[in-house]
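Peer 1: Handing you this structure, nothing more for now.
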Amino acid sequence: MKRLAYLLLLVIILASCSAPKNIAYFQDRNPGSQEEVTVNAVPFKVRPGDRLSIYVKSRNSQLTNQFNLYTTVQQNGGSNASSYIVDDNGEIQFPVLGNIKVAGKNRQEIINFLSDTLRSTQLVDDAIVQVEYTGLYVTVLGQSGGRRINIDKDKLTLFELIAMCGDLNMDSKRQNILIIREEDGVRSQYEVDLTTMKNVYESPAYYVHQNDIVYIEPSDKAKRSSTVNGNLFQTWGFWTGLTGLFMSVYSLINLFVK
């Protein structure tokens, strides 16, 4: 019994001194190693409901003014851009050209189409078209506090998204980040383990898409602490008290046996 009590006390001490193994990122890292990078990023494809800003430039501003009717979005360069919402048919109503199908195209494809059309029809021989995303976002739920992150570039990685949220706190589970994605009428779910580099980089969800839902689950410790006594078994005081009780009962048993 004495040996059992000492063994129990030793286990408690070692457990209290051990470091958690589910906090650090990239636990399978191998400094100095090299591997070929396979880029599986797919530029965002425009969908119905997305918002775009489009600005047409040329040497002749009188020609381009007819294509820049709505000055609601301020471009990075300081010029105004026309803002369009993609309708349910995947189209936008562009000045002079009429309805244009943009759903299923990425930003560069829309730029190329408009530039080629304006030049080939001789509406603007030297047309330069800028297209920017103004209404694309990813929804992050759970331990991030819940927020909507706007997307303003073609490719956004999961790590960049997490950094934009201020990183994960210590009460966030890193092994099963859930990404829910709806695309082409199909809803897919992916789980990413941030503690393993291979799992992250090979995941289809490494590059997030517009309208993705990213759920960061609370750790087991955080779940237990949400109840009145849920985190009791994780405290040092509980285990030392239990050890003291065990030793007291053992002493009483020895006293009566003698």
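Peer 1: Using 0.36 nm times the number of residues separating ILE213 and VAL186, minus their current alpha carbon distance, what extension gain do you get?
Peer 2: My answer for the length gained is 8.3 nm.
Peer 1: What are the residues whose amide H is under 5 Å from the amide H of GLN27, where those residues sit 5 or more places off or on another chain and H is modelled from the backbone?
Peer 2: Answer set, sorted by chain and number: THR196, MET197.
Peer 1: Now, a different point. Per 0.36 nm of contour for each residue apart, how much would the distance between ASN199 and LEU63 grow if the chain were fully extended, relative to their Cα-Cα spacing?
Peer 2: Stretched fully, the ASN199-LEU63 segment lengthens by 43.8 nm.
Peer 1: Which parts of segment 197-221 would a label at ASP28 reach, counting a residue when its backbone N lies under 19 Å from a point 7 Å out along Cα-to-Cβ?
Peer 2: Under cut-off, by backbone N: 197-207.
Peer 1: Extent of segment 51-133 along each principal axis, from alpha carbon coordinates, in Å, largest to smallest?
Peer 2: So the extents along the principal axes, rounded to whole Å, are 34, 28, 20.
Peer 1: Rounded to the nearest whole Å³, what is the per residue volume of the convex hull around the Cα atoms of segment 136-221?
Peer 2: Cα convex hull per residue, to the nearest whole number: 90 Å³.
Peer 1: While we're here: Once the convex hull of the C-alpha atoms of segment 101-173 is built, how many Å³ does it hold per residue, rounded to a whole number?
Peer 2: Taking the convex hull of the Cα positions in segment 101-173, it is 103 Å³ per residue.
Peer 1: Continuing with this model, one more query. Count the net charge of all other residues whose Cβ sits under 11 Å from the Cβ of MET197, scoring Lys and Arg as +1 and Asp and Glu as -1.
Peer 2: Summing Lys/Arg as +1 and Asp/Glu as -1 gives -2.
Peer 1: While we're on this one: Could you check the spin-label model distance between LYS101 and SER120? Points 7 Å from the Cα along Cα→Cβ, value in nm.
Peer 2: So the two model labels end up 1.4 nm from each other.
Peer 1: Round to the nearest 0.05 the FRET efficiency obtained for ASN176 and ILE128 when R0 = 35 Å and r is the Cβ-Cβ distance.
Peer 2: 0.15
Peer 1: If you don't mind, another one. Given H placed on each backbone N at 1.01 Å, which residues far from ILE216 in sequence or on other chains put an amide H within less than 5 Å of it?
Peer 2: Those qualifying (amide H under 5 Å, at least 5 residues apart or on another chain) are LEU141, GLY142, GLN143, SER144.
Peer 1: Kindly write out, for segment 99-108 in residue order, the coupling ³J(HN,Hα) from the Karplus curve 6.51 cos²θ - 1.76 cosθ + 1.60 (θ = phi - 60°), rounded to whole Hz, with x marking Gly and Pro.
Peer 2: 6, 10, 7, 10, 4, x, 9, 8, 4, 5
Peer 1: Let's test the formula: R0 of 22 Å, r as the Cβ-Cβ distance of ILE85 and GLU109. What FRET efficiency results, to the nearest 0.05?
Peer 2: 0.75
Every read-out reported here was derived from the displayed coordinates using simple, explicitly stated rules and does not represent laboratory data. Predicted model only: the values in this text are computed from it and were never measured. Every residue, glycine as well, gets a Cβ built from its backbone with ideal geometry; the counts of neighbours run over all protein chains shown.
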